[in-house]
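Structure record follows, encoded as C-alpha cells.
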Amino acid sequence: MEFAHLVTVRVAKCQPIPDCQTRKPGVTIALAAPMPAPDTSIVILAAGKGTRMRSDLAKVLHRAGGRTLIEHVVRACQPLKSAQILVVVGHQADSVAAVAESLGAQTILQQPQRGTGHAVQIARRAIRKSATLALVLPGDAPLLRTETLAALLDTHRRGEAAATILSAELPDPAGYGRIVRDAEGRVQAIVEDKALAPEQRDIREVNSSIYCFTLEKLWPCLAALRPDNVHRELYLTDAIAMLRQRNERVLAQIAADPNEIIGCNTRAHLADADRVFRARKAALLMDSGVSIYLPETVMIDPDVIVGPDTMIEPGVQLLGQTRVGAGCSIGGSSVLIDMRVDDGAKIFPHCHLVSSRIGPHAQVGPFARLRPGSDIRAGAHVGTFVEMKKTTLHEGAKAPHLSYLGDATIGAETNIGAGTITCNYDGFGKYETKIGSRVFIGSDTALVAPVRVGDGAYVAAGSVITDNVPADALAIARGRQANKPGWARAKRRELAAAKHPKKSSKRKVTRPASRSKPAHRRKSKSRRR
Ligand code: UD1
Ligand code: CA
C-alpha cells in the first residue's frame, strides 16, 4: 500500500497538544504520509479465547470482510514500518501464530491469559530494546486504518504524552470502556462498562483499546496493576488512571470514523464489521466506474479487481482473487470465487463459478456451475443448468442447456445438445473426452470417456458413444425404434374389460387399425429410427 497522498484526521476534543491547543474539536488537519517508526514497537493482543463468540475457533481467526480479524489488524500496521509487529498469542496459539507469522509478524505466548494488562507484561520480554514507544492494539478491531494509527502516533509524539488513547463517540456505547474526563476535559481514567457509576453511564466516548504508550512511563504502571475487577484480570485500562495519578499526560484522540474502532466480541459485532468492509469495497469500486445495484447486498472481497463499466446486480458475491474485466455484467445472486472474467463477458443470474476463466464476450448462465479448471473461451456460451469441470470450451462453442462436461476439450464452434453428459469416471479413475471443432452433438448423448469425436462430425441424439468418432462422420448409437400401431388403445381396452367385465362387453368393438393415422401422415419405417 502506498501513502504518498495526504490523509486527514480529526483533532481530539480539547487536547492540550502544544501546537494545536487552539484548534476546536472536530477540525480536520492534513497529515503527511506515515513516517517510518523505527522507535516504535507494535503490540497486538490476540491471546484471548473470545468467549462471547461462542465458538470453537479463537476469536481473532473469525472472518469479516474476507479476511481473518488478525490479518486485517496486522495488515493495517505494516505500512507504518515500525521496529517490529509483535502478536501476543495464547488461545489456539499455533493457528493464530501461523497467520501472524505468514505476514511477517513476530509472536509471543501468553499462557495463561490473565487480562490485557498481563498480555502487555508478557510482550515486554520480546519488545525491542531500541523501542521507546509502543502502539498497542487488540486483535479484534479489524476496521482500523493505517492513516488513523499514523495520526495517533503523531498526536502522541507532538503532545509528548505518556499515553494517547484512540477513542470514539458512539451512539450506543454499551459494552465498551468509557473515557472519563475532568471538568477541563483532561482524561482521568478508563472505566470498564461493568464498573460504571450511574452518572458515568451516559458517557458516549469509548475506549477503542488502541493506544500509544511511552514505554518508560508505562512499565512502572503495568507492574503495579492489580486484578481488582469482576474477572480477576489485570486490565491495561487501569494503567491510564495510574499514569494520571503520577501526573503524566494522557491524551485521547477521537476517531473521525467511529466504525474504525468496532471490536468484534460477538457474532453481531462480526456482522457489523463485515458490513462496513463490504460497503467500503463497494464504494471504492463505484468510484472507479463500476455500477453496483443495491450495493448493501453484494459481498466483494478485498483483493477483487473489477474493470470500469461492469454492472453488478444485487446479491452477487465476488470472492478470493477474482478479477473481472471492463464492460461485463454479473447477474444477481451469482457467486464467483477466484475467477477470471475477461472484458465484455456476460454472466446471467444464479451462477456458481470457481477457479475458472471466462473469455471476452463469452456468456454463462443462468444457473451454471463452473468447477475449477474450466476455460470458456471468447464468445463461447454456457447455458442453463450446465456443470463443467476441467473443461475447455473453445471459441464460439456452445453448451446451452442441461449438461455435465468434465475433463473435456470442446473445439471451436461446436454445439453440445441439451442433456449431453461426459461419463468421465468409472468408479476408479477420471478419463478425458476430446471433441473437435464444428461438431454437432445431438441431445441426450452420453460420451463414455476416454473418447474422441473428430472435427465436423455429427452424433445423433440419444447416443451412447463408447468408440471414437472419425472426423465428418455421423455416429448413431441407440436402439432402433419400432412403432406398433394401435397397441396402446388395445391395451387400455383390455385393462378396462378386466376391471368392469359387464359394461365393456356391451360396447361395440372397433379394431385398433381403423383409427390409425391417415395414410398420407404415416411416416415410412425406414425414415426414422
Ligand atoms: C477491551 C477494553 C475496553 C475497550 C474494548 C474495545 C480492557 C480491560 N477493556 O474490552 O475498555 O472498550 O476492549 O474493544 O482492556 N487479550 C489477550 N490476553 C488476555 C486478554 C485479552 O491477548 O489475557 C486480547 C484479546 O484476544 C483481544 C484484546 O486483548 O484481542 C481485547 O480483549 P477483549 O476481551 O476483547 O476486551 P474487551 O472486553 O473487548
Ligand atoms: Ca474486544
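Would you work out if the range 308-391 is rounded, prolate or oblate? Take a ≥ b ≥ c from the square roots of the eigenvalues of the alpha-carbon gyration tensor; rounded if a/c is under 1.5, else prolate when a/b is larger than b/c, oblate otherwise.
Rounded is the answer for the range 308-391, as its axis ratio a/c remains below 1.5.
Calculate how steeply helix 146-159 sits against the longest principal axis of the alpha-carbon atoms of the chain, using the helix alpha-carbon long axis, and give the answer as 0 to 90 degrees to the nearest 10.
Between the helix axis and the principal axis of the chain, the angle is about 0 degrees.
So for the range 293-438, taking the charge dipole from beta-carbon charges (+1 Lys/Arg, -1 Asp/Glu), which of Ser334, Val382, Thr409 sits furthest toward the positive end?
In the range 293-438, that residue is Thr409.
Given labels modelled 7 Å from the Cα in the Cβ direction, how far is it in nm from Asn468 to Glu216?
8.4 nm
List every residue whose amide H lies under 5 Å from the amide H of Cys351, counting only residues 5 or more places away in sequence or on a different chain, with H placed 1.01 Å from N in the peptide plane.
Ser334, Val335, Phe367, Ala368
Scan the range 81-176 for GluC sites (Glu not before Pro) in coil per DSSP, keeping those whose Cβ has at most 16 other Cβ atoms within 10 Å, and list them by number.
Glu160
Would you please give the residues with an amide H less than 5 Å from that of Ser82, counting only those at least 5 places away or on a separate chain, with H modeled from the backbone geometry?
Amide H neighbours of Ser82, under 5 Å, 5+ apart: Ala37.
Using a 1.4 angstrom probe on the protein heavy atoms only, line up Met35, Met339 by accessible area, largest first. Could you put the intermediate results ahead of the total?
Details: Met35 145, Met339 5 Å².
Descending order: Met35, Met339.
Enter the angle in degrees (range 0 to 90, nearest 10) between the Cα long axis of helix 487-499 and the first principal axis of the Cα atoms of the chain, meaning the one along which they spread out most.
That works out to roughly 80 degrees.
Compute the signed sum of charges (Lys and Arg +1, Asp and Glu -1) over the other residues within less than 12 Å, Cβ to Cβ, of Pro38.
Within the 12 Å Cβ shell, the charges total +1.
Based on DSSP, what percent of beta bridges with both residues in the range 337-482 are antiparallel, to the nearest 5?
0 percent
With +1 on the Cβ of every Lys and Arg and -1 on the Cβ of every Asp and Glu, and nothing else charged, how large is the dipole of the chain about its Cα centre, in debye rounded to the nearest 20?
With Lys and Arg at +1 and Asp and Glu at -1, about 5260 debye.
For every helix of n ≥ 4 consecutive DSSP H residues, a contribution of -39,500 (n - 2.57) applies; sum these over the chain, divide by its total residues, and give [θ] at 222 nm rounded to the nearest 500 deg cm²/dmol.
Details: 9 runs with 99 residues, N = 529.
Theoretical 222 nm ellipticity from helices: -5500 deg cm²/dmol.
Let me check I've understood the local charge: for Leu225, count other residues with C-beta under 15 angstrom from its C-beta, Lys and Arg +1, Asp and Glu -1. What total comes out? Could the numbers behind the result be given before it?
On the way: positive: Arg114, Arg124, Lys217, Arg226, Arg232, Arg244, Arg246; negative: Glu192, Asp228, Glu233, Asp238.
Around Leu225, the surrounding residues sum to +3.
Kindly list the residues of the range 359-390 that lie in the label zone of Glu432, defined by a backbone N under 20 Å from the point 7 Å along the Cα-to-C-beta vector.
371-378, 388-390
What shape does the range 46-135 take by its C-alpha gyration tensor, where a ≥ b ≥ c are the square roots of the eigenvalues and a/c under 1.5 counts as rounded, a/b above b/c as prolate, and the rest as oblate?
oblate
Under unit Cβ charges (Lys, Arg +1; Asp, Glu -1), what dipole magnitude, rounded to 20 debye, does the range 392-498 have relative to its Cα centre?
Magnitude of the dipole: close to 840 debye.
I'd like the Karplus ³J(HN,Hα) series for the range 197-205: coefficients 6.51, -1.76, 1.60, θ = phi - 60°, whole numbers in Hz, and an x wherever there's a Gly or Pro.
Karplus values, whole Hz, x for Gly and Pro: 6, x, 6, 8, 4, 7, 5, 9, 7.
Under 1.5 on a/c is rounded, so check that first for the range 157-216, then, if it is not, pick prolate when a/b is larger than b/c and oblate when it is not; a ≥ b ≥ c are the square roots of the alpha carbon gyration tensor eigenvalues. Walk me through the intermediate numbers first.
Numbers: a/c = 2.09, a/b = 1.76, b/c = 1.19.
It comes out prolate by the Cα gyration axes.
Residue by residue through the range 377-391, what is 3J(HN,Hα) from phi via Karplus (6.51 cos²θ - 1.76 cosθ + 1.60, θ = phi - 60°)? Round to whole Hz and write x for glycine and proline.
Couplings: 7, 3, x, 6, 9, 10, x, 6, 6, 10, 10, 10, 9, 6, 10 Hz.
Just to confirm the number: angle between the C-alpha axis of helix 93-102 and the first principal axis of the chain, 0 to 90 degrees, nearest 10?
Compared with the principal axis, the helix lies near 90 degrees.
Please work out how much accessible surface Val298 shows to a 1.4 Å probe, ignoring ligands, DNA and RNA, in Å² rounded to 10.
10 Å²
Using the Karplus curve 6.51 cos²θ - 1.76 cosθ + 1.60 with θ = phi - 60°, what ³J(HN,Hα) values do you get for each residue of the range 206-220, in whole Hz, with x for Gly and Pro?
The phi angles translate into 10, 8, 7, 6, 10, 9, 10, 10, 8, 4, 5, 7, 6, 4, x Hz.
Please report the antiparallel percentage of the DSSP beta bridges confined to the chain, to the nearest 5. Provide the component values of the computation, followed by the final result.
Details: 23 of 107 bridges.
Close to 20 percent.
Could you state the number of Å between the C-alpha centres of the range 184-261 and the range 301-339?
After rounding, the separation between the Cα centres reads 43 Å.
Is there a quick way to get the dipole size of the range 322-461? I mean about its Cα centre, with the Cβ of Lys and Arg at +1 and of Asp and Glu at -1; what is the value in debye to the nearest 20?
Value, rounded to 20: 160 debye.
What is the set of long-range amide H partners of Gln188 at a cut-off below 5 Å, with H atoms built 1.01 Å from backbone N?
The answer is Val180, Arg181, Asp182.
Please work out the Cα center distance from the range 365-390 to the range 36-72, rounded to the nearest Å.
Answer, in whole Å: 38.
Lys and Arg at +1, Asp and Glu at -1: add these up for the other residues within a Cβ distance under 13 Å of Asn207 and post the number.
Numbers: positive: Arg178, Arg181, Arg204; negative: Glu169, Glu192, Asp193, Glu205, Asp238.
Net local charge, Asn207 excluded: -2.
The values are calculated or read from the model by the stated rules, or taken from the named source; none is laboratory data. Only a predicted model underlies this, so the values are computations on that prediction, with no experimental measurement involved. Counting neighbours? That spans all protein chains shown, and the Cβs are built from the backbone with ideal geometry, glycine included. Only protein heavy atoms, including side chains, enter the accessible area calculation; ligands, DNA and RNA are left aside. Shrake-Rupley method; radii C 1.70, N 1.55, O 1.52, S 1.80 Å.
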